[in-house]
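Presented below is the structure to which this report refers.
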Amino acid sequence: MKQLKYILVLSLAILTVFTSCDKDEENDNIEPSDNLEQFGILGRWGLQSITINGITDMIVHFDTIEFTTGIDGDDLKGEFISSDGAGYVTNGQFELKIVNNIIHFDFNNSQKSYEFHISNDSMTFTYSEGNNKIIEDWRKEE
């Protein structure tokens, strides 16, 4: 009878170990949600300044850009609409490439990619045009 109790306790211990291992493996296979909301890009942004080769302009900008989610809210792709303040409006799609902090815009049969950085309510785009290094500073409006 003593042997039966030990075998029963040993069997329960082994079963507990195997079931807990399966649960850990299941949790390891769950990928984190990759949606745009967690990166803070969604919403309306206003252009604050443009710096070209280290010289910042003193112009008041009226440019805006608004980012929204796309059809699939669980990816890093969305839609944007931008306005230059003079009535010219552009809309298209964008995609975040988180590995190298790149935002890729696709609009009017054109494509542009910028390095981006978002912190709280500010965002910067960094890119080159010809020999010029350009930094755009944006502030969240909504």
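The values are calculated or read from the model by the stated rules, or taken from the named source; none is laboratory data. Computed from a predicted model, the values in this text were never measured in an experiment. We place every Cβ from the backbone using ideal geometry, glycine too, and count neighbours over all the protein chains shown. With ligands, DNA and RNA removed, areas are computed over all heavy atoms of the protein, side chains included. Shrake-Rupley method; radii C 1.70, N 1.55, O 1.52, S 1.80 Å.
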Hey, can you tell me all the residues within the range 99-110 that are of a type outside the set (Phe, Trp, Tyr) and surrounded by 11 or more Cβ atoms within 10 Å (Cβ to Cβ)?
101, 102, 103, 104, 106
Does residue 103 fit the bill of being modelled with pLDDT of 95 or more and out of contact with any helix residue (DSSP H, G or I) (no Cβ under 8 Å at 6 or more places or on another chain)?
yes
Can you name every residue in the range 80-98 that is open to solvent by 80 Å² or more (accessible area, probe 1.4 Å) and either touching a Phe, Trp or Tyr at 6+ places or on another chain (Cβ under 8 Å) or in a loop (DSSP other than H, G, I, E, B) (or both)?
86, 88, 91, 93
Going by what's in this entry, would residue 141 be described as in contact (Cβ under 8 Å) with a residue 24 or more places away in the chain and under 20 Å from residue 79 (Cα atoms)?
yes
Filter the range 62-79 for residues that are under 18 Å from the mean Cα position of the chain (by Cα) and in a strand (DSSP E or B) and give the result.
65, 66, 67, 68, 69, 77, 78, 79
Evaluate the following for residue 50: is it in contact with a Phe, Trp or Tyr (Cβ under 6 Å, 6 or more places away or on another chain), under 21 Å from residue 117 (Cα atoms), open to solvent by less than 70 Å² (accessible area, probe 1.4 Å) and in contact (Cβ under 8 Å) with a residue 40 or more places away in the chain?
no
Applying the selection to the range 111-137, what residues are in a strand (DSSP E or B), open to solvent by 60 Å² or more (accessible area, probe 1.4 Å) and without any contact (Cβ under 8 Å) to a residue 60 or more places away in the chain?
111, 112, 113, 115, 117, 128, 129
Failed condition for residue 70, given (1) open to solvent by 40 Å² or more (accessible area, probe 1.4 Å); (2) at pLDDT below 95:
(1)
